[in-house]
Amino acid sequence: MPFIYIIRIATRKLLQRPVIGALKVGGLAVSIAIVIVMLQFVSFQWNFDQFHEKKDRIYRVVTSQYADKILNVESAMTYAGIGPLLNTSFPEVEKTVRLAIWIGNDVVIQHGEKAVREQNFFYAEPSFFDVFSFELLAGDPNTALSKPHSIVLTQDIADRLFGDENPIGKIVRHENRQSLTVTGIIAQPPQQSHLQFGMLASYDTWNGSGMDGEGVYGDQHFHYFYTYTYALLHPEAKPAEIAQKLTATVGTRKNLDLHTDVFRFQPLSDIHLYSNLSHEMQATGNGKNLWTLLAIALIILVLAWFNYFNIATAGTLDQSKAIGVRKVIGASRSQVLRQLFIENICYSLFAAIAAGILVGLLSQPLAHWLGSPIGNIFSGRYALFGPITLVLTILALGTILTALLPALTMASFRPVWLFSRSFHLAIAGIGARKGLVVLQFMIIIGLLAASMVIVEQSRYMNEKDPGIDLANILTVKGPLGTAAYENLQPAHQAFRERLKRIPGVRQIAMTDQIPGNDLDLIDDFRHANEDRSYSLSRMWVTPSFFQLYRLPLLAGDSLRIQQSNRGHLLLNEAAMRLMGFSDPEQAIGSKVTYYGDSES
């Protein structure tokens, strides 16, 4: 029978019994669509940082700091002196690049009357373009970051500042503090990059600032974490051995320090999915959850195939007489098998087309709901034996097998059986179909139970009291420096007064960070008369902060807090216990120091 006629027969059967057709094709289509969307999400996450040509040799230096063998912090940042040390003392390291984040990570760049506020501003070494594969649209990658007071802008920032004007060689002002010369235009970092930036200034801009040399960004600094350091290793290098030698070398240099540092080299491919460190550049994913999603995708496929097989075999009674007639008039088993197989493949193709339409309709709403982009499964780079390739292969083989099994079942019967009553009774009592139905319900019950657990856990997290009142609180960014930078305190005061005049604004508090964000880590908190130091997170707040968030005080005078100016701090319970205070009242009035400043 010609192929086109088989397709017409398959289409006619679907139209003759639309309910059965919808169950057969629709169930498979919905399942395939769900699986493809899940694979797109997984694929997008797994392809983070894969566009770098030297990705397999790029590592980030991670620092774990211990005090009395107790882990204080594990940071994505490290000392500024680590990069130069690796370059001069470790031949296994081909290159390093340091990225220094500007204080507060929130800056204003100005050109003429135009100003741009950007959060991702880094000082980068000239080796940036040797290590990473970001596309430089204009300028020389060998010199763009080599001179002090140079800056590379992304295309978006350049367009907002200069419009159609050529920005190369133009001067911009950094927070009205210093002038920088535009030496390059770089393409916007891909979404699948853990390193996101709007501007890159040359690292040597620190020269003469007091922060170089032994300052926090200097080549000889080994005291505070202030830089992200990446190393490009030679192909034969062993990261674990280099990290061990680096730990020993730095330990020798810091033999009088109260802390112990342990370094490790984190592969670039692990940063987004298998890293949850302090000072991460942005929110990271969870690689373990992706494996769970792949397992769920396979379970959904298995359920879809079970459902399809059960419906297909249940419909064999309707096809038995037609197949019997074809065999009586001379059709061979292979011809019947080919017809039934092609029919089922057609049903699978119809399901695939419907699934493609569903994916097109669902991808963007789901991406918005998840708060994360969903990539294109057909544009990713997949290893030959990688997880995504494996699932796609299982999808194809399972679809073929699901189409083949019902065809083999029907093609194997003799014509005389197809017209007998015993055949109808035998088909109606097929044990395999009953077993599949039972297994199908068991899997569904398991998935429903797991879903209920997840829903209850999510509800618990959403309804659990965080200890502060978040109702009707909005965060608004305050003014940064342009012409008013040197007089910023009056600008903040004017900003606050302007907000107060807005109807509906009842109370205002100012902080240097939004509560819940990554805070400054200070690893030099000490009792005034003790040598031991502690690592604590710090946030600057105005006195009204405690009233706004309705934070109860365990000890201390709220009136004194309202009247305080400088030189005062509050500890939470965890910090109080860590620093050795037995009760809140004992901590009141105690002197602590950090960075040489004394506060109480």
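Under the rule a/c < 1.5 gives rounded, and otherwise a/b versus b/c splits prolate from oblate, where does region 196-275 land using the Cα gyration tensor? Here region 196-275 falls in the oblate category. Counting only other residues whose beta carbon sits under 13 Å from that of TYR203, what net charge do I get with K and R as +1, D and E as -1? Here the count lands on -2. Using a probe of 1.4 Å, the accessible surface attributed to ILE311 totals some 30 Å² when neighbouring protein chains are kept in position. Give LYS95/LYS170; LYS147/LYS245; LYS54/LYS288; LYS55/LYS288; LYS464/LYS591; LYS69/LYS591 a once-over and call out the pairs whose C-alpha atoms are over 28 Å from each other. Pairs exceeding 28 Å: LYS95/LYS170; LYS147/LYS245; LYS464/LYS591. Applying 0.36 nm per residue to the separation of GLN244 and ASN517 and subtracting their alpha-carbon distance, the gain on full extension is 95.1 nm. Would you please classify the overall shape of region 31-142 from the alpha carbon gyration tensor, given that a ≥ b ≥ c denote the square roots of the eigenvalues, rounded means a/c under 1.5, and beyond that prolate means a/b larger than b/c while oblate covers the rest? Rounded shape, in that the Cα axes give a/c under 1.5.
Ligands, DNA and RNA excluded, the heavy atoms of SER146 present near 40 Å² of accessible surface to a 1.4 Å solvent probe. The protection proxy used here, the mean number of other Cβ atoms lying within 10 Å of each residue, ranks peptides 361-367, 72-78, 297-303 as follows, highest first: 72-78, 297-303, 361-367.
Using the average count of surrounding beta-carbon atoms within 10 Å as a protection proxy, the listed peptides 503-514, 218-229 rank, highest first, as 218-229, 503-514. For THR227, the residues whose modelled amide H falls within less than 5 Å of its own, excluding neighbours fewer than 5 places apart on the same chain, are THR78, ALA80. Sorting 454-463, 47-56, 201-210, 150-159 by average packing, meaning the other beta carbons within 10 Å per residue, from highest down gives 150-159, 201-210, 47-56, 454-463.
The values are calculated or read from the model by the stated rules, or taken from the named source; none is laboratory data. Since the structure is predicted, the reported quantities are computational estimates derived from the model, not experimental observations. Glycine gets a Cβ as well: all are built from the backbone with ideal geometry, and neighbour counts include every protein chain shown. Just so you know, the surface numbers come from the protein's heavy atoms only, side chains and all, with ligands and any DNA or RNA stripped out. Shrake-Rupley method; radii C 1.70, N 1.55, O 1.52, S 1.80 Å.
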